[in-house]
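Note sheet for the following structure.
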């Protein structure tokens, strides 16, 4: 049996050697064979050169290099498309996902009782106040709009081959891995972990990119924001009818007064509401435009090793329960 471990990197030449030194000894002790797939998301530093050297020293290491920075979601898609294992483990390259949990994840999967083993953050580590606030707002809105509770969820997951094959069938261009993996379903087990501090480098997730990911995730899973436009229109219509009735009563009773201030306020309110509504519609139209163009999610400029499973069982066949001992 073969386990594929996927790790995306972006400008992590200082972190990559630390990650490999921490994870390879753990993978070497697994009761199954493994392949380590490293994805270079268009780094501009020496990340790719270090990946090349690591693969020359260890034949189980494969490398994929994007032609430019396509983003973490694209890197996840590339890794899942190239993984040949009976199960696939996805983790971040900054060691904030503890590699010490991998043996337990594999052991739980080998019992045959679970198809997805996923890590849940018990703490969010040393995130800034702005990042924590953004996460709280996003996951609250995502739960309300989509019905999926992803609070404290992470990308640290083990996916069975069947789950990976179903993922590959998804034709969406803009993906949200945490949400789509929950949408796929299957038998799941969770475990808690503490987010460790980075050993080197800094986060590659600026606030603007996080907000963009949040918008794409919500609009990709729910049309509720479009229903907000209808709700807003009903409120404005009700208010306008009430104000219209009041205006007619004042006019017939001879108490009509100058309404310049009221008119200006109403124009600003209606104009702002229209712009917000057009903006929401524009977001969905932009998603449609992106999907219909049919461009690839990513472009691989270079690849190191095209390793095939060494076990006798093909990687795309269902597994049988295995005694982890």
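The values are calculated or read from the model by the stated rules, or taken from the named source; none is laboratory data. In this text, all values refer to a predicted model and were calculated from it rather than measured experimentally. Don't worry about glycine lacking a Cβ; one is built from the backbone with ideal geometry, like all the others, and counts go over all protein chains shown.
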Query raised in the report: Got a sec? Which helices (runs of 4 or more DSSP H) wholly within the range 1-94 have at least 2 residues that are in contact with a helix residue (DSSP H, G or I) (Cβ under 7 Å, 6 or more places away or on another chain) and closer than 14 Å to residue 302 by Cβ?
Result: 47-57
Query raised in the report: In the range 99-128, what residues are modelled with pLDDT of 85 or more and touching a helix residue (DSSP H, G or I) at 6+ places or on another chain (Cβ under 9 Å)?
Result: 99, 100, 102, 103, 114, 115, 116, 117, 118, 119
Query raised in the report: Out of 71, 85, 79, 63, which single residue is within 15 Å of the chain's Cα centre (by Cα) and modelled with pLDDT of 85 or more?
Result: 79
Query raised in the report: Restricting attention to the range 39-48, does a residue exist that is modelled with pLDDT of 90 or more and within 21 Å of residue 102 (Cα to Cα)?
Result: yes
Query raised in the report: In the range 279-325, which residues are more than 18 Å from residue 36 (Cα to Cα), touching a strand residue (DSSP E or B) at 6+ places or on another chain (Cβ under 9 Å), surrounded by 12 or more Cβ atoms within 10 Å (Cβ to Cβ) and modelled with pLDDT under 50?
Result: 313, 319
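If you go through the range 21-47, how many residues are in contact (Cβ under 8 Å) with a residue 12 or more places away in the chain and within 20 Å of residue 84 (Cβ to Cβ)? Break it down into steps so the answer makes sense when it comes.
If we filter the range 21-47 for residues that are in contact (Cβ under 8 Å) with a residue 12 or more places away in the chain, which is where we start, we get 22-24, 26-27, 29-47.
With the extra rule that they be within 20 Å of residue 84 (Cβ to Cβ), the set shrinks to 23-24, 27, 30-40.
The total comes to 14.
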